[in-house]
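Worksheet: one structure, shown below.
The values are calculated or read from the model by the stated rules, or taken from the named source; none is laboratory data. Small disclaimer: the values here were computed from a predicted structure and weren't measured. We place every Cβ from the backbone using ideal geometry, glycine too, and count neighbours over all the protein chains shown. Quick note on the areas: whole protein, heavy atoms, side chains included, nothing else; ligands and nucleic acids left out. Shrake-Rupley method; radii C 1.70, N 1.55, O 1.52, S 1.80 Å.
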Amino acid sequence: MTAGYNFAYLDEQTKRMIRRAILKAVAIPGYQVPFGSREMPLPYGWGTGGIQVTASIIGSDDVLKVIDQGADDTTNAISIRRFFAKTAGVATTTRTADATIIQTRHRIPETPLRAGQIVVFQVPIPEPLRWLEPRESETRQMHAYADYAIMHVKLYEDIARYGHIATTYDYPVIVNERYLMRPSPIPKFDNPKLDMNPALMLFGAGREKRIYAVPPYTIVKSLDFEDHPFSIETWDTSCALCGATNAFLDEVITDDHGGKMFVCSDSDHCAERKEKAA
Amino acid sequence: MNAISKIAANDLPLLSVRQLDKSFGARTACRNINFDLWPGEVLAVVGESGAGKSTLLRCLCGDQQPDLGQVLFTRRDGSISDLYDIPEPERRILMRTDWGIIHQNPRDGLRFGVSAGANVGERLMAIGARNYAEIRRTAAIWLERLEIDVARMDELPFTFSGGMQQRLQIARNLVTQPRLVFMDEPTGGLDVSVQAKLLDLLRSLVGELGLAAVIVTHDLAVARLLADRLMVMQGGAVVELGLTDQVLDDPQHPYSQLLVSSVLQI
Amino acid sequence: MNTAPVLIDVHKLEKSFHLHTQGDVTLTVLRGLDFRVTAGECVVLSGPSGAGKSTLLRCLYGNYLARSGQILVRHDGTMIDIATAHHRTILDVRRRTLGYVSQFLRVVPRVTTLNVVAEPLVHTGTPVESARAKAAGLLTRLGIPERLWHVAPQTFSGGEQQRVNIARGFAVDYPVLLLDEPTSALDPENRQRVAGLIEDAKNRGAAVVGIFHDHDFGSMVGTRWFDVQPIAKAAA
């Protein structure tokens, strides 16, 4: 832990303020709680919201895992992991099962989460209604009155235009049968993992200054139509590295001649499977 | 029994306005407005610009809380409520089920970013419709009814002509079969020939659906053709209210006389 | 002698116009007028131009507001005072009891002739198909060729429009019919056709009150005359 910084970078008053916002968010699942987002030593869009949430909840005995698009070894994941190793001196891991806090961008790990774990999501735009209704005053009322018809209008448009619901990531959900929520840009493949998950899910949007939460064992339902039910992505192939058939696969271009392969987006999950197989 | 209850329900006004006042600072927009509107009745509100017509309409349709007075309405179950006494969520539900609002400018009443079908389907989805095929079927029926080619259902409203946009706005409002529709200059800004078509449609719809309507207009010809009664406003007050043909042919108030004598023969 | 029921009973009708925008004058057109019409009668209003014949008809229809007096019209077996009745009652009386045919056709543009004529019937609750059938019969009787039925009447000649207007006015078998120079633009042959319609109305027991610019036509269809004379104009 580097001298000159407070534990986990943020000062204690800021952490308290953020913890209060988190408590409120947990108390009202899916509700966006405003908070006083701080300037962080990295730009908006790089996970400033997630980092502030992590910084507020992390303790010296926590074990941190950070993933970006499912991978532990991308720039963003590495730099955030190092940031906390440096400012909080906490242990880090790439193993989902070993982590107590998992900060993530765009994925939920394939390994089932357990009670006691906390997932911190980095959120670019927290308001699910924003593209449909630009006025904040109006979207607040829509949330207040659970008036979410325009979200279905959006799904209707998808079907009318493409024949199916074309939204594949950041797929809107209703939390605890009340609030409409953006699950952050995770693939809709991960939406079912939000439902009744034993882990606590916290969402932080730094630029938009909002925190929201899905407490453990909360009902999370993806919006759909009776005759166009919600469904997740499937692949005709399995992971080229570990052979997984029920994981979220990324398409990787291997050469300039059209060569490609599909591999697990969750690098830890993939590595673990290979280890076990070996 | 059924016939009797029908008559009884018919004998209650759908909307009763009592001593409604609305001011903006020192300027009085509406002063002591009183009237009743019965099911199936069309009331036209006329008067010069600034007479308080649009403010009154906003007070009636839940957009603008009056300073004083009541806007009472009879619900489908026969109970009577003050529009501004019920909770906001309930008022919002009411506005998109029992009531319709047709704006002069289609931009205020349509979502230009989504298709015509979605514009019509939105009110259905708002009251819980979750079957895509059914929503689409119902939307198609209403587009057809408003003489919009169903083949253009998936097009965006900005590709439509002004008259079509206005008809789309009406379809969007009528899809939940409201009992009361508010219209602010529904034929304003349209070509005369398109106006005629819209008037014809409005009139037949009002007749077929038994709609009650409050229409703000400055066009006395529109009022004569559409309205059962005419309300003349001046300086925020109602100066005359009567059967449309009576007010137009035998106006009593000096301002009504001026208004009627100021227009070309209608 | 006449035991037929009274359908129109006017007592001490006074009608004046207060012209606020024209020097604040008050013109009294009708004063102390008593008038009664029984079923099966056709009363033709006579008197010089400006005497108030049209005003009387319009007061009967509720188009003009009476200043004082009673205008009783039998509606559903009871006498309704048009001068004081609730507007919804007046609209109901107009829908089912009181027909009014003016000189001019005034309808929504773009509506076909057949629908223009059928509309009043539809508003009484008659099914659209039977209303159209009756409208077709009336148009045929009034010599409007079938090729015009599906066109809006705005472009028709004055005489054709007037016949469409008459057909519309006779679509419902109103117990009381008010006719304000409905035949002014018609040739003798068509006038004859209208006379036939009026005759039928009388025979089914309607009370008809008419103003006809043509004295001979009045004599032909009228059962009696009622003279309306100008009263001394007085500024209030």
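Which shape class applies to segment C:90-202: rounded if a/c is under 1.5, otherwise prolate when a/b exceeds b/c and oblate if not, where a ≥ b ≥ c are the square roots of the Cα gyration tensor eigenvalues?
Judged from the Cα gyration tensor, segment C:90-202 comes out rounded (a/c under 1.5).
Can you pull a Stokes-Einstein diffusion coefficient for chain C at 4 °C (1.567 mPa s), Rh from Kirkwood over Cα pairs, as a whole number of µm²/s?
The Stokes-Einstein estimate is 70 µm²/s.
Applying the Karplus parametrisation 6.51 cos²θ - 1.76 cosθ + 1.60 with θ = phi - 60° to the phi angles of segment B:203-218, what ³J(HN,Hα) value in whole Hz is obtained for each residue in order, glycine and proline being reported as x?
Ordered by residue, 3J(HN,Hα) equals 5, 5, 5, 4, x, 5, 8, x, 6, 9, 8, 10, 10, 8, 8, 10 Hz.
Per residue of segment A:171-177, what does 6.51 cos²θ - 1.76 cosθ + 1.60 with θ = phi - 60° give for ³J(HN,Hα)? Whole Hz please, x for Gly and Pro, Karplus curve as stated.
Karplus-based 3J(HN,Hα) across segment A:171-177 equals 6, x, 10, 9, 9, 6, 6 Hz.
From the Cα gyration tensor of segment A:7-127, with a ≥ b ≥ c the square roots of its eigenvalues, which class applies: rounded if a/c is under 1.5, or else prolate if a/b is larger than b/c, or else oblate?
Here segment A:7-127 falls in the rounded category.
Largest first and in whole Å, give the semi-axes of segment A:177-278's equivalent ellipsoid, each being the square root of 5 times a Cα gyration tensor eigenvalue.
Result for segment A:177-278: semi-axes of 30, 17, 16 Å.
For an R0 of 56 angstrom, estimate the FRET efficiency from the Cβ-Cβ distance between B:Asp67 and B:Glu144 and round to the nearest 0.05.
0.80
Specify which residue in the list A:Ala213, B:Ile86, A:Gly45 is farthest towards the positive end of the charge dipole of the protein assembly as shown, using unit charges on the beta carbon of Lys, Arg (+1) and Asp, Glu (-1), about the Cα centre.
Selected residue: B:Ile86.
List the lysines whose Cα lies under 26 Å from the Cα of C:Lys12, skipping any in the same chain that are fewer than 8 positions away.
C:Lys53, C:Lys233
Can you work out the FRET efficiency for the pair B:Glu208 and C:Thr21, with r the C-beta to C-beta distance and R0 = 51 Å, to the nearest 0.05?
The value I calculate is 0.80.
Where does helix C:87-96 land angle-wise versus the long Cα axis of chain C, in degrees 0 to 90, nearest 10?
With both axes taken from Cα atoms, the answer is about 40 degrees.
According to a simple spin-label model (label point 7 Å from Cα along Cα-to-Cβ), what is the distance in nm between A:Gln141 and C:Ala195?
Rounded to a tenth, the inter-label distance reads 6.8 nm.
Given H placed on each backbone N at 1.01 Å, which residues far from C:Ala206 in sequence or on other chains put an amide H within less than 5 Å of it?
C:Gly40
Counting alpha carbon pairs within less than 8 Å and at least 6 residues apart, what relative contact order, in whole percent, applies to chain B?
After rounding, I find 25 percent.
Compute the distance from the alpha-carbon center of segment C:119-139 to that of segment B:190-266, in whole Å.
26 Å
Within segment C:167-190, find all residues whose amide N lies under 19 Å from a label point positioned 7 Å from the Cα of C:Asp92 along Cα-to-beta-carbon.
C:173-176
Please give the per residue accessible area of segment C:53-191, computed with a probe of 1.4 Å over protein heavy atoms only, in Å².
41 Å²
Starting from the Cα gyration tensor of segment C:34-88, take the square roots of the eigenvalues, sort them a ≥ b ≥ c, and report rounded, prolate or oblate (rounded when a/c is under 1.5, otherwise prolate if a/b is larger than b/c, else oblate).
Oblate.
Between A:His164 and A:Arg19, what is the FRET efficiency for a Förster distance of 30 Å, r being their Cβ-Cβ separation, to the nearest 0.05?
Once the sixth-power term is evaluated, E becomes 0.10.
In whole percent, what relative contact order does segment A:1-123 give with Cα contacts below 8 Å and a gap of six or more residues?
Relative contact order here is 28 percent.
How much accessible area is lost when chains B and C come together, counting both sides, with a 1.4 Å probe, in Å² rounded to the nearest 100?
2200 Å²
Only residues of segment B:84-113 count here: report those whose backbone N is under 20 Å from the spot 7 Å along Cα→Cβ of B:Asp154, or say none.
B:111-113, by backbone N distance to the label point.
Karplus couplings for segment B:223-237 from phi (6.51 cos²θ - 1.76 cosθ + 1.60, θ = phi - 60°), rounded to Hz, Gly and Pro as x?
Result, ordered by residue: 4, 4, 7, 9, 9, 6, 10, 10, 10, 9, 10, 8, x, x, 10 Hz.
Explain nothing, just the number: relative contact order of segment C:122-196, from Cα pairs under 8 Å at least 6 residues apart, as a whole percent.
33 percent
Report P(r) for chain B: all Cα-Cα distances, bin width 10 Å, range 0 to the bin holding the largest distance, values in whole percent.
Calculated over all Cα pairs of chain B, the distribution is 7, 29, 35, 23, 6, 0 percent.
Rule-of-thumb check for segment B:92-177: C-alpha Rg over 2.2 N^0.38 Å?
Rg over 2.2 N^0.38 Å, computed on Cα atoms: 0.97.
Starting from the Cα of A:Lys65, draw a straight line to each of the lysines and keep only those under 30 Å, dropping any in the same chain fewer than 8 residues away.
Straight-distance partners of A:Lys65: A:Lys15, A:Lys24, A:Lys86, A:Lys188, A:Lys193, A:Lys209, A:Lys221, A:Lys260, A:Lys274, A:Lys276.
Work out, in µm²/s and without decimals, the Stokes-Einstein translational diffusion coefficient of segment A:65-154 at 25 °C, 0.890 mPa s, Rh from Kirkwood over C-alpha pairs.
Value of D from the Cα-based Kirkwood radius: 159 µm²/s.
How are the C-alpha pair distances of the protein assembly as shown spread across 20 Å bins, as whole percents from the shortest bin up?
Here the calculated profile for the protein assembly as shown is 14, 35, 25, 16, 10, 2, 0.
Which residues, if any, in segment A:157-198 lose at least 30 square angstrom of accessible heavy-atom surface (probe 1.4 Å) when the other protein chains sit next to their chain rather than the chain being alone?
SASA drop of 30 Å² or more in segment A:157-198: A:Glu157, A:Ala160.
Ignoring ligands, DNA and RNA, how do C:Val172, B:Val194 rank by accessible area with a 1.4 Å probe, largest first?
Correct descending sequence by accessible area is B:Val194, C:Val172.
Between A:Ala240, A:Ala115, A:Ala149, where does the largest GNM mean-square fluctuation fall for chain A, given springs only between Cα atoms within less than 10 Å?
Highest fluctuation of the listed residues: A:Ala149.
Which whole-number value in Å² is the accessible area per residue of segment A:1-79, probe 1.4 Å?
Result: 46 Å² of accessible area for each residue.
Who wins for biggest fluctuation among B:Leu56, B:Leu201, B:Leu14 in a Gaussian network model of chain B, springs between alpha carbons below 10 Å?
Looking only at B:Leu56, B:Leu201, B:Leu14, the largest GNM fluctuation is found for B:Leu201.
Given a 1.4 angstrom probe, what's the average accessible area per residue across segment B:146-257, in square angstrom?
Averaged over the residues of segment B:146-257, the accessible area is 31 Å².
Under a crude label model (7 Å from the Cα following the beta-carbon direction), how far is A:Met196 from C:Arg224 in nanometres?
The two pseudo-label positions are separated by 9.1 nm.
Leaving ligands, DNA and RNA out of it, rank B:Phe24, A:Phe7 by accessible area with a 1.4 Å probe, largest first.
Highest to lowest solvent-accessible surface, that is B:Phe24, A:Phe7.
What is the sum of charges, Lys and Arg at +1 and Asp and Glu at -1, for the other residues whose Cβ falls under 11 Å from the Cβ of A:Gly206?
Residues close to A:Gly206 contribute a combined charge of +2.
Round to a whole number: what % of the accessible area of the protein assembly as shown belongs to carbon and sulfur, probe 1.4 Å?
Of the solvent-accessible surface of the protein assembly as shown, carbon and sulfur hold 52 percent.
For chain A, what is the convex hull volume of the alpha-carbon atoms per residue, in Å³?
153 Å³
Label C:Thr3 and A:Tyr5 with points 7 Å out from Cα along Cα→Cβ: what is the distance between them in nm?
It is 11.4 nm.
Report the convex hull volume per residue for segment A:32-91, counting only C-alpha atoms, in Å³.
Normalising the Cα hull of segment A:32-91 by residue number yields 102 Å³.
Determine the gain in length on full extension of the stretch A:His257-A:Trp235; use 0.36 nm per residue of separation and subtract their C-alpha separation, reporting nm with one decimal.
5.7 nm
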